[in-house]
Ligand code: BGC
């Protein structure tokens, strides 16, 4: 077989799969550390005699840390490389977990939550960034979406660990066990190479070639190297660095897409639905605490299950169709959920309908905005400022997450359950229009081909598979 026709061997492809899975442990920590607080808070409240205000501080300081981590992560990774920043995130996760588990005062606990948040913010962008840069174009969607899969598994694990430690009121253990994935991430990353794209950007062509050769055949390595070098040549003509370059006219469309998806991912209500699911079901008539807990687990399982589906089909079906279909499902289920609330019924039928709507909503998110947002922001930005641009999108995501968490109780009081969900449904329609008219398809194309399109330039074509 000539080099031109050769395809990568199983073991070559296995290398990227293993590398992506290890890196995605950062996603697991993202999910776990954001989810664990709901179980832990029940007991922290008693141990530290928290006021409602301090409860809010303990919960929300993770988000403050995440915004800070997202702000710094991108520029740092552009400057020092993707690998050192992932190692830094692992270290921060471990320190945060230990500090939270041992915190003698509520002040230290708040600090620990901030540190954990830094890790979460860093991981949220560095994990998809690194995976996208090592992945071959034809499997990039599924590999990067392993990050989202790990986020959902992390959330589910946090529920399970919460239930397991409840009998001993073990909130310190709930935080402490997160040291284990932090160590796995750190040790695993230690053995993984730097991203080939970052190496090319920093003139280390031989090293980049060696890294690519671990997962590609010679002809694939050649094409990707030529594409990267061609863009590097253009880049030297119009150098881009730092945040202000994001406003350059040719980069602006990508900036709008990233920020739009970031905000819509949050303001269509995902985290209120995830964390208020038990409350929602209680309002429509569920009573036994056990049933409520089981439903919370159900939300977690549906989230994981449909994310697995997304990982499997995203490189075949593409990003756009998933977004378009998923947003329709999310909007319909939100509108129906509002309807159930407006009936003010606590009948079994109302409870059942609410459960179905919740499941449909989570499933629709899990095949669309969940994975596709984090994937697309790792694909659509030019290499020279990829880290910083992803930072902007990630900050918008964490910032919107924070604002929704802050405003949801107010919204609920002002509009009632029905009004709040109908508002989310209206936002779902706007998000759908945004996707339909603004978001391009990136399936199957190399990062360099996507960048060349933005620049209005041409690079040697990737082999059609
Ligand atoms: C979002 C999180 C959300 C999670 C749920 C992620 O993509 O960024 O805010 O909690 O998905 O699965």
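The gain in end-to-end length when the residue 279 to residue 49 segment is fully stretched comes to 80.5 nm, 0.36 nm per residue minus the alpha carbon separation. Extension gain, residue 453 to residue 309: 0.36 nm times the residue separation minus the Cα-Cα distance gives 48.9 nm. Going by neighbour counts of Cβ atoms within 10 Å, the residues 432, 173, 198 line up, fewest first, as 173, 432, 198. Quick one: angle between helix 25-47 and the longest Cα principal axis of the chain, in degrees between 0 and 90, rounded to 10, please. Relative to the chain, helix 25-47 is tipped by roughly 20 degrees. Sorting 88-97, 25-34, 297-306 by their mean Cβ neighbour count within 10 Å, with the most densely packed peptide first, gives 25-34, 88-97, 297-306.
The alpha carbon convex hull volume per residue for the range 46-191 rounds to 112 Å³. Across the alpha-carbon set of the range 17-90, the Rg to Rh ratio works out to 1.10, Rh being the Kirkwood radius. How far is the Cα center of the range 443-464 from the Cα center of the range 61-82, in Å? Their Cα centres are 28 Å away from one another.
With neighbour counts taken as other beta-carbon atoms within 10 Å, the residues 437, 421 rank, fewest first, as 437, 421. Taking a ≥ b ≥ c as the square roots of the eigenvalues of the Cα gyration tensor, an a/c ratio of 1.5 or more together with a/b larger than b/c marks the chain as prolate.
I'd like the orientation of helix 386-438 relative to the chain: the angle between its Cα long axis and the longest Cα principal axis, in ° from 0 to 90, rounded to 10. Approximately 20 degrees, to the nearest 10.
Our summary gives the range 7-455 a relative contact order of 25 percent, counting only alpha carbon pairs under 8 angstrom and 6 or more residues apart. Relative to the current alpha-carbon distance between residue 238 and residue 342, full extension at 0.36 nm per residue lengthens the span by 31.8 nm.
The range 421-439 and the range 206-260 have their alpha-carbon centroids 31 Å apart. Is the C-alpha gyration tensor of the range 79-164 telling us rounded, prolate or oblate? Criteria: a/c under 1.5 is rounded; beyond that, a/b larger than b/c is prolate, otherwise oblate. Cα axes put the range 79-164 in the oblate bin.
Give the shape of the range 294-423 as rounded, prolate or oblate, defined through the alpha-carbon gyration tensor: a ≥ b ≥ c are the square roots of its eigenvalues, a/c under 1.5 means rounded, and otherwise the shape is prolate if a/b is larger than b/c and oblate if not. Oblate is the answer for the range 294-423, as a/c is 1.5 or above yet b/c matches or exceeds a/b.
For the peptides 61-67, 244-250, 125-131, residues were scored by their other Cβ atoms within 10 Å and the scores averaged per peptide; the highest-first order is 125-131, 61-67, 244-250. Each semi-axis of the equivalent ellipsoid for the range 254-344 is √(5λ) with λ an eigenvalue of the Cα gyration tensor; in descending order they amount to 28, 17, 12 Å. Put in line by how crowded their Cβ is, counting other Cβ atoms within 10 Å and starting with the fewest, 462, 219 read 219, 462. If R0 is 45 Å, the Cβ-Cβ spacing of residue 72 and residue 218 corresponds to a FRET efficiency of close to 0.75. What's the angle, to the nearest 10 degrees (0 to 90), between helix 348-366's Cα axis and the longest principal axis of the chain? That helix lies at roughly 20 degrees to the long axis. Rounded to the nearest 500, the helix-only mean residue ellipticity at 222 nm of the chain stands at -27500 deg cm²/dmol, with each DSSP H run of n ≥ 4 adding -39,500 (n - 2.57).
Both radii were evaluated on the Cα set of the range 146-251; the Rg over Rh quotient, with Rh as the Kirkwood radius, amounts to 1.19. Using every pair of distinct Cα positions in the range 180-229, the Kirkwood expression returns a hydrodynamic radius of 11.8 angstrom.
A short reminder: the numbers here are calculations on the coordinates, not readings from a lab. Fair warning: this is a prediction, and the values are worked out from it, not measured in the lab. Here Cβ is always computed from backbone atoms with ideal geometry, including for glycine, and neighbour counts include all displayed protein chains.
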